[in-house]
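Chemist: Here it is: the structure, laid out below.
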Amino acid sequence: MTSTFNHHNFFTSELDQLREEGRYRVFAELERKAGHFPQARRYKDGVTQDVTIWCANDYLGMGQHPKVIDATCDALRAYGAGAGGTRNISGNSHEHVLLEEELADLHGKESALLFTSGYISNWAALSALAGGIPNCVVLSDAGNHASMIEGIRHSRAERRIFKHNDIADLEKHLKEIPLERPKLIAFESVYSMDGDIGNIKGICDLADKYGAMTYLDEVHAVGMYGPRGGGIAEREGLMDRITVIEATLGKAYGVVGGYIAASKALCDYVRSFSSGFIFTTALPPAIAAGARTAVRHLKESEIERMRQRRAVSKVRSALKAIGIPMMDNDSHIIPVMVGNAVKCKMISDVLMDQYGIYIQPINYPTVPKGTERLRITPSPFHTDDDIAKLANALSEMWSHCALSRAVA
């Protein structure tokens with residue numbers, strides 16, 4: 001008699017394999033303290049512990065900014081907790097419209113379109129554009145985020161992967177595609193795990209030469225770069241050359257949500273044809289109000305960006321002085337290279353348990369095997385004392401694990 005498939009044993013076996021490889025993910029149960037970021041309270045086994053967060057994507061601490069909190073609370077009292085439905089049926093609020101206008105202005109575009117997250121905005125926009133344009137071919141950077149990859153895959157359009165940040169390889173692919181065929185180049189400005197920056201101008205030049213549209217993910221750059229926080233494209237004066245700019249409200253702006261900014265017709269097309277937009281409950285109006293406040297504040301304020309850049313420089317200097325190996329880049333992301341999944345997880349655990357320092361391990365499949373790392377993101381609120389404690393803890397862990405140090 002044939003036995004039935006034991007799904008419980010399958011799940012257990014797969015999870016055990018993750019644990020053996022040091023890739024099983026354990027969520028830290030944290031309670032952020034408004035007004036005291038990056039300090040938080042950790043809960044584990046009925047015990048609480050004060051910890052310092054070093055891996056948040058709330059890069060500028062805007063999630064705790066008094067203006068953002070007040071705007072969110074005021075809107076919550078005024079409009080209630082939820083949106084009421086999808087924007088097509090009963091969930092389109094005045095706050096959504098105002099935020100889209102603010103975002104269109106940020107990027108110098110005619111229009112913008114809100115989504116519930118940065119992941120969804122990439123998935124929904126890329127699948128609608130590449131899947132709807134007849135015979136479209138997508139040229140995708142090999143380092144693109146999973147949300148972009150999923151959107152392109154879901155579109156079922158032909159896709160070509162060009163070597164990461166390699167203009168010559170991109171042009172080689174473009175030369176092989178008929179000039180009259182619709183083309184979309186999808187890439188990022190700041191790549192989240194290595195922290196390197198895309199060659200936006202070089203890609204725009206090729207797009208002009210071969211008649212391609214450009215789709216730029218500025219998720220890790222909005223709020224952080226440019227005189228008004230418009231991202232790397234704003235900093236380099238290239239926003240007008242980008243067909244679609246996609247970004248998030250959940251990182252430097254400290255709230256949640258994603259969006260695209262583009263021409264009025266393109267945004268209307270995605271609004272009208274993307275299932276990821278049509279069938280999703282809208283962001284709560286209170287969240288939109290808080291996000292709009294954060295965007296407006298960072299259009300006018302440079303102090304958060306200045307303090308954050310200063311903290312990044314201090315951390316890099318402190319780690320370089322003790323030989324902690326870092327991936328070199330020109331962004332705010334500091335990847336500390338471990339190169340071993342088990343040791344990376346162990347270092348992360350000890351940093352939390354013994355030093356009160358929270359840095360999540362980054363392992364496969366987020367990064368290739370053998371490149372496991374600790375991804376450090378200094379904020380404007382990390383003090384010199386925080387930095388000294390971090391450097392000391394990492395130095396002790398590097399000695400304990402017999403890891404190689406970088407030569408100065």
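The values are calculated or read from the model by the stated rules, or taken from the named source; none is laboratory data. These numbers were taken from a predicted model, which means no experiment stands behind them. Please note: Cβ atoms are built from the backbone with ideal geometry, for glycine as well, and neighbour counts cover all protein chains shown. Note: areas computed on protein heavy atoms with side chains; ligands, DNA, RNA excluded. Shrake-Rupley method; radii C 1.70, N 1.55, O 1.52, S 1.80 Å.
Chemist: Which of the numbered conditions does residue 96 fail, given that it passes all the others? Conditions: (1) crowded, with 16+ Cβ neighbours inside 10 Å; (2) in a loop (DSSP other than H, G, I, E, B); (3) in contact with a strand residue (DSSP E or B) (Cβ under 8 Å, 6 or more places away or on another chain); (4) not basic (Lys, Arg).
Modeler: Of (1) crowded, with 16+ Cβ neighbours inside 10 Å; (2) in a loop (DSSP other than H, G, I, E, B); (3) in contact with a strand residue (DSSP E or B) (Cβ under 8 Å, 6 or more places away or on another chain); (4) not basic (Lys, Arg), only one is false for residue 96: (2).
Chemist: Looking at (1) open to solvent by 20 Å² or more (accessible area, probe 1.4 Å); (2) assigned to a helix (DSSP H, G or I); (3) closer than 25 Å to residue 143 by Cβ, find the lone condition where residue 312 falls short.
Modeler: (1)
Chemist: Moving on to the next point. Tell me which residues, restricted to the stretch 374-394, are under 15 Å from residue 310 (Cα atoms) and either open to solvent by less than 10 Å² (accessible area, probe 1.4 Å) or over 25 Å from the mean Cα position of the chain (by Cα) (or both).
Modeler: 376, 377, 378, 379, 384, 385, 388
Chemist: Between a residue in the stretch 157-169 that is over 15 Å from residue 201 (Cα atoms) and any residue that is buried (at least 17 other Cβ atoms within 10 Å of the Cβ) and of a type in the set (Phe, Trp, Tyr), which pairs come within a Cβ distance under 6 Å, given they are 6 or more apart or on different chains?
Modeler: Filtered contacts from the stretch 157-169: 169/162.
Chemist: Here's another thing I want to ask about it. If residue 53 meets every condition in (1) surrounded by fewer than 19 Cβ atoms within 10 Å (Cβ to Cβ); (2) out of contact with any helix residue (DSSP H, G or I) (no Cβ under 9 Å at 6 or more places or on another chain); (3) touching a residue at least 40 places away in the same chain (Cβ under 8 Å) apart from one, which number is that one?
Modeler: Every condition holds for residue 53 apart from (1).
Chemist: I'd like to check something: does the stretch 214-232 contain any residue that is open to solvent by 10 Å² or more (accessible area, probe 1.4 Å) and not in a loop (DSSP other than H, G, I, E, B)?
Modeler: Taking every residue of the stretch 214-232 in turn, none turns out to be open to solvent by 10 Å² or more (accessible area, probe 1.4 Å) and not in a loop (DSSP other than H, G, I, E, B).
Chemist: Would it be correct to say that residue 243 is modelled with pLDDT of 95 or more, open to solvent by less than 10 Å² (accessible area, probe 1.4 Å) and over 15 Å from the mean Cα position of the chain (by Cα)?
Modeler: Answer is no for this residue.
Chemist: Can you name the residue in the stretch 5-28 that is among the charged types (D, E, K, R) and modelled with pLDDT of 95 or more and, of all such residues, is least open to solvent (accessible area, probe 1.4 Å)?
Modeler: Here the residue is 16.
Chemist: While we're on this one: Just the residues that are open to solvent by less than 10 Å² (accessible area, probe 1.4 Å) and assigned to a loop (DSSP other than H, G, I, E, B), please, taken from the stretch 248-305.
Modeler: Matches in the stretch 248-305: 249, 252, 253, 257, 274.
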